[in-house]
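For reference, the structure is listed below as C-alpha cells.
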Amino acid sequence: MDNIIEWTLSTSRARFFSLARYGMIEAFKLSDVKEGDCVLIPEFICRDIVASIRTIGARVLFYSTGKDLSPLDSSEKWPKAKVVLATNYFGFPQDLKPFKEYAIRTGAVIVEDNAHGFLSKDESGNWLGLRTDIGIFSYRKTLCLSDGASIVVNKTQLLPFLEKQVSSIGAGYSPRVRLKYLIKNIPILGLSLWLSITLLTRFIRKLKTGHSLPIPDPSHEVSIPYIKNPHKIFSKNMQKYAKNEKNEIKRRRDLYYKVTVMAQKLNIHSVFPQLPINTAPYGFPFRANEQSAKLLAKKIRWLGLDLFKWPDLPNEVAMKEEYNDIWIVNFL
C-alpha cells in the first residue's frame, strides 16, 4: 500500500479510540487475556500502559532493555506470559526476531506497540504496526490531533472477535495540540507567538506548582483519564493528512537531520546510531543530563520545537538510573 493513512481509515481490520490505552485493552481481550494472566512488557515504557493491563485484572511482568532499547536478555530468559509487547521506540523499528522466538516457545501473542511509529516502515519496507498479529497506533503522537488511536488486527482468524467501532462523539483528550498547530502555522509570526505562549504558560505553572512542566500523575497507572470514543471529526482530520503523507514523512526526517547537527555541537548524540531509510521519526531521542538538555532546548526552540523527558516510568522501575536520562525532541 502506498498511503498508510488512507488504508487505515478504510480497512475493516482497524478500530479507533481516543487513546491507545483502549486499543491495548482490546488487544488483550482478543489475545484471551483473563484475570490473573500475565502480560510481558519492556521496563522502558510509559506507566499509562500498566493501566490497560490492570483494567482487565491481568498481571504485569517486565523484560529489561539495553542502551539501544532492544531487549537486554535473550528471550529464553523472559518469564512466561500470554502476551508480549514489542515496542517501536520513537518510530524506529524494533527487531522482532527475539519476540517471534519467544512466541514459538511459549505460545504468547505478540502485540506490536507502534504508538510512536505511524508512517514508519522497517528495512524490508513493511509498515510498523502491521508486522505481528496485532498492532497498536497512537495517531495523536505523530499528527496534530487532539486525540486518536487504534488497534489493527493483522491475524485474520481474530477478526470475527473484534468489537464494533465505538461512535465518534469525543471532544478531544488534548485540544491544546490542535491549537498549537493552528498558531504555529500563522504566517511569519506563528512560531514566535507559540514560543511566547509556551514560555508564559510554564512561568505561570511554576509560580503555582513549583514546576514549569506538568507533574507526572501516578493515577494514570491504575486508570484511564478519558472516554474511549475518538473526537467527533477524527476521520475528517485524518483525511486532511492523507493528502500530505509523504510531505509529513519528509518533514520529520528533515527535522531529525537539523536537530542532529545542533545536538552534535553540544556533544549530544541520538540513542540510535543512524536514521534508517524508511523511518519517519517521532522525534530526536538522546541521553543527557538536565543541564545539557536545557542547552539543546534553547537551540531547537527557534525551529518551533520543544523537548521533554520520556517516559513517565511505571512505579516498579522508576528508580532505575539507566532509564532516567532519555529525552526526546518532539516533532509535533
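No value in this document is a laboratory result; all are computed from the given coordinates. Model, not experiment: these values are computed from the prediction. Reconstructed Cβ throughout: ideal geometry from the backbone, glycine too, with neighbour counts over all protein chains shown.
Any chance you could list P(r) for the range 128-194, counting all Cα-Cα pairs in 10 angstrom bins from zero, rounded to whole %?
18, 33, 27, 15, 7, 1
Which entries in the list LYS258/LYS299; LYS180/LYS265; LYS80/LYS309 go over 22 Å, if you measure between the two C-alpha atoms of each? Can you show the working numbers first?
Numbers: LYS258/LYS299 11 Å; LYS180/LYS265 29 Å; LYS80/LYS309 31 Å.
Long pairs (Cα-Cα over 22 Å): LYS180/LYS265; LYS80/LYS309.
Specify which residue in the list SER10, ALA115, GLY36 is farthest towards the positive end of the charge dipole of the range 4-161, using unit charges on the beta carbon of Lys, Arg (+1) and Asp, Glu (-1), about the Cα centre.
About the Cα centre, the residue reaching furthest to the positive side is GLY36.
Any chance you could list P(r) for the range 4-161, counting all Cα-Cα pairs in 5 angstrom bins from zero, rounded to whole %?
Each 5 Å bin holds this share of Cα pairs: 2, 9, 20, 24, 23, 15, 6, 1, 0.
State, as an integer percentage, the relative contact order of the chain based on alpha-carbon contacts under 8 Å between residues 6 or more apart. Numbers along the way, then the final one.
Details: 623 pairs, mean separation 70.2, N = 332.
Worked out over the chain, it gives 21 percent.
Going down the table (LYS29/LYS100; LYS34/LYS228; LYS141/LYS228; LYS100/LYS155), which pairs top 22 Å between alpha carbons? Can you show the working numbers first?
Working: LYS29/LYS100 20 Å; LYS34/LYS228 20 Å; LYS141/LYS228 17 Å; LYS100/LYS155 15 Å.
Flagged as over cut-off: nothing, all pairs pass.
Hey, fewest Cβ within 10 Å first, where do HIS116, HIS269, HIS220 land in order? Before the final figure, lay out the partial values.
Working: HIS116 24, HIS269 13, HIS220 17.
The most exposed by this proxy come first: HIS269, HIS220, HIS116.
How big is the equivalent ellipsoid of the chain along its three axes, where each semi-axis is √(5λ) from the Cα gyration tensor, reported in whole Å from largest to smallest?
Values: eigenvalues 181, 110, 83 Å².
Values for the chain, descending: 30, 23, 20 Å.
Tell me, how many Å apart are the Cα centres for the range 105-157 and for the range 218-272?
So the separation of the two Cα centres works out to 14 Å.
Take the chain, connect every pair of alpha-carbon atoms lying under 10 Å apart with a spring to form a Gaussian network, then pick out the residue of VAL153, VAL111, VAL261 with the largest mean-square fluctuation.
Evaluated over the chain, the most mobile residue of the options is VAL261.
List the trypsin sites (Lys or Arg not before Pro) within the range 162-246 that DSSP assigns to loop and that have no more than 14 neighbouring Cβ atoms inside 10 Å. If you can, show how the numbers build up before the last one.
Values: sites: LYS164, ARG176, ARG178, LYS180, LYS184, ARG202, ARG205, LYS206, LYS208, LYS228, LYS232, LYS236, LYS240, LYS243, LYS246; in loops: LYS164, LYS228, LYS232, LYS243.
Passing sites in the range 162-246 are LYS164, LYS232, LYS243.
Please list, or write none, the aspartates and glutamates whose alpha carbon is within less than 16 Å of the alpha carbon of LYS97, excluding same-chain residues fewer than 8 places away.
By straight Cα distance, LYS97 reaches ASP68, ASP73, GLU76, GLU112, ASP113, ASP122, GLU123, ASP133.
Run lengths n ≥ 4 of DSSP H only: what is the helix-derived mean residue ellipticity at 222 nm for the chain, with -39500 (n - 2.57) per run over all residues, to the nearest 500? Mind showing how you got there, number by number?
Numbers: 9 runs with 106 residues, N = 332.
Using -39500 (n - 2.57) per qualifying helix, the result is -10000 deg cm²/dmol.
Calculate the all-directions average of the projected area of the range 163-319's alpha-carbon convex hull, and give it in nm². Each step should come with its number before you reach the end.
Numbers: hull surface 50.8 nm².
Averaging across all directions leaves 12.7 nm² for the Cα convex hull.
Quick one: work out the % antiparallel among DSSP beta bridges in the chain, nearest 5. Please report the intermediate quantities before stating the final value.
On the way: 20 of 37 bridges.
Once the DSSP bridges in the chain are tallied, antiparallel ones form about 55 percent.
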